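Student: Have a look at the structure that comes next, please.
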Amino acid sequence: MRYRQLAVGILISLATSYGISINDRLQAQTTNIRQVQTSGSIIVNGIRATPTGLMLSVSGNPQIQTQREVNPDRLILDLQDTSVVKNLHQASLPINRFGIKQVRVAQYNPAIARLVFDLDSSNPDSKIAWNSQYIAATRTLILTPSNQTQTSQPIPINTPNPITTPAVVERLSFSSNGRLLIAASQPVGYQARIDAAAGTYNVLIPNATISPNLQRPTLAANNPIERIRLSQVGNSVEVAVKAIAGWQVREPQRPINRASTQQIELQVSLNRVASGNQTTTPINNSTIPAPQNVGDRRRGLIFIDAGHGGNDPGAVANGIQEKDVVLPISLKLGQALQSMGYTVYYTRTNDVEIDLEPRVAAAERVNADVFVSIHANSLAPGNSGISGVETYHSRTSTVGRELASYVHSQVISGTGASDRSVRGAGFYVIAKTSMPAILVETGFVTNPTEARNLDNPSYQKLMADAIARGVDQFMKVRGR
Ligand SMILES: [Zn+2]
């Protein structure tokens, strides 16, 4: 692992003195190269805000050139020899901390990926320099604000290696009495907290990384733990554990001496809210209940996946964030399907960020009959005239295509939206699910009229009811 400080220099932009903003330049550049093959050998797959800065998922450690531009104030990071994946090109990420309003991402030219930090000049933090740190084990580039105010001179790159070697989180497992064990390569401390919004119990392990060969248990349908999510947050590893309804995660009643152990133990127990005493029931195989909320499965189980959430807004345009419109459509879809007699599961029912892998895992765990992912679309500036619905299925799935066709024709006739056709694609959630799966791009937030529609509860209901009718047709044809 290497720490280094980004070289930062003040650059009085030529473009500014000619009265052209960097925004325009960035737009012009990125629009022109839309069709150009990118040639950077390092790939940026993802970017997210964390409590301590920004985290990029990268395939290698890029050289970073930074420049600061004024009026409006921006910090520009050019990742050399780097390409961003298509769905990140022209993405923007609201930050509202560290003196940054938002971060925009673009393929600046075929070999340079550009991050633009739009700074809030009124915030003193906007003067702070940023450090970068590449963690090879997790292929993560961490960007964190330094404590120093930046000077007008470039600050030399490369500071010495960190003094302490980070612990590596290597294995998750269950003990014989049902405790969740988190094992690291060396003794670790941790802080635990309950994330009420996400409904998770979070353990933050400082100075740690996630092993690329992390071993984790398969969560059986009758396990009271619904999901375990690990994320790299700055220099720490966060383990978020979610229990099913009626169960809770907590530290064992007699916490062991933490300082000398490589293992963190968490107890999973029945949540006895009403009971006066604090006794807990450690789980074992005989006390694990049947899964909650299975209900009547005769008509079938539909898994609804509202895209994005939390720090990941999805497409943003016309004052609309994708995550905020796909959630109500998903919830209305669930209501419609339940009224038809289907059992419905959701990946999220509130504004939380969930990785793609646990979305698929959850659908597999409940053995869903159909998987429906709800998204909204966007296009680059200059294409705001384009609107309509696209329904995707896995390229390799004929039954997925069949499901997509039923749903798509219902949506087009039910909403009057433009028909942008049924399409095959390799999106993770439809490619990795084993059941018939579709991803509905319900409209373009970049089209002002469609953005208003997507934000309108009546239109959302039209959309949801139409998708439900399509799913129902599909299920009936298959004898359900
Ligand atoms: Zn989306």
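Student: Looking only at residues that are open to solvent by 40 Å² or more (accessible area, probe 1.4 Å) and in contact with a strand residue (DSSP E or B) (Cβ under 8 Å, 6 or more places away or on another chain) in the stretch 367-382, which one is farthest from residue 447 (Cα to Cα)?
Tutor: Going residue by residue through the stretch 367-382, those that are open to solvent by 40 Å² or more (accessible area, probe 1.4 Å) are 367, 378-379, 381-382.
Next, only the ones that are in contact with a strand residue (DSSP E or B) (Cβ under 8 Å, 6 or more places away or on another chain) stay: 367, 378-379.
On the way: 367: 37, 378: 8, 379: 9 Å.
Looking at the filtered set, the residue picked out is 367.
Student: Of the residues 56, 93, only one is touching a Pro at 6+ places or on another chain (Cβ under 8 Å) and within 20 Å of residue 311 (Cα to Cα); which?
Tutor: On the way: 56 fails: touching a Pro at 6+ places or on another chain (Cβ under 8 Å).
Unique residue meeting the criteria: 93.
Student: State yes or no: is residue 327 within 16 Å of the ligand (Cβ to nearest atom), within 17 Å of the chain's Cα centre (by Cα) and not in a strand (DSSP E or B)? Reasoning before the result, please.
Tutor: On the way: within 16 Å of the ligand (Cβ to nearest atom): yes; within 17 Å of the chain's Cα centre (by Cα): yes; not in a strand (DSSP E or B): yes.
Yes, satisfied.
Student: Tally up the residues in the stretch 435-480 that are polar (S, T, N, Q), in contact with a strand residue (DSSP E or B) (Cβ under 9 Å, 6 or more places away or on another chain) and either open to solvent by 80 Å² or more (accessible area, probe 1.4 Å) or assigned to a loop (DSSP other than H, G, I, E, B) (or both), please.
Tutor: 2
Student: Related question: Starting from residues that are β-branched (Val, Ile, Thr) and in a strand (DSSP E or B), keep the ones in the stretch 351-387 and report whichever is farthest from the ligand (Cβ to nearest atom). Lay out the reasoning, then the answer.
Tutor: Pass one, the stretch 351-387, residues β-branched (Val, Ile, Thr): 352, 354, 360, 366, 370, 372, 374, 386.
Checking which are in a strand (DSSP E or B) leaves us with 370, 372, 374.
Values: 370: 19, 372: 13, 374: 9 Å.
That would be 370.
Student: Just checking, how many residues over the stretch 98-119 are surrounded by fewer than 17 Cβ atoms within 10 Å (Cβ to Cβ) and in contact with a Pro (Cβ under 9 Å, 6 or more places away or on another chain)?
Tutor: Counting residues in the stretch 98-119 that are surrounded by fewer than 17 Cβ atoms within 10 Å (Cβ to Cβ) and in contact with a Pro (Cβ under 9 Å, 6 or more places away or on another chain) gives 1.
Student: For the stretch 388-404, what are the residues that are open to solvent by less than 30 Å² (accessible area, probe 1.4 Å), more than 11 Å from residue 424 (Cβ to Cβ) and more than 15 Å from the ligand (Cβ to nearest atom)?
Tutor: 388, 403
Student: Scan the stretch 405-434 residue by residue and report those that are farther than 26 Å from residue 382 by Cα, within 15 Å of the ligand (Cβ to nearest atom) and in a loop (DSSP other than H, G, I, E, B).
Tutor: Within the stretch 405-434, 426 is the sole residue that qualifies.
Student: Identify all residues within the stretch 304-316 that are away from the ligand (no atom under 13 Å from the Cβ), touching an Asp or Glu at 6+ places or on another chain (Cβ under 8 Å) and either open to solvent by less than 50 Å² (accessible area, probe 1.4 Å) or without any contact (Cβ under 8 Å) to a residue 40 or more places away in the chain (or both); write none if there are none. Quick ask: steps written out before the conclusion?
Tutor: Filtering the stretch 304-316 for residues away from the ligand (no atom under 13 Å from the Cβ) gives 304, 310-311.
Within this subset, residues satisfying the condition of being touching an Asp or Glu at 6+ places or on another chain (Cβ under 8 Å) are 310-311.
Across the stretch 304-316, the qualifying residue is only 310.
The values are calculated or read from the model by the stated rules, or taken from the named source; none is laboratory data. On a predicted model such as this, the values are computed, not experimentally measured, just so you know. Cβ: placed from backbone, ideal geometry, glycine included. Neighbour counts: every protein chain shown. The accessibility values were calculated without ligands, DNA or RNA, using every heavy atom of the protein model including side chains. Shrake-Rupley method; radii C 1.70, N 1.55, O 1.52, S 1.80 Å.
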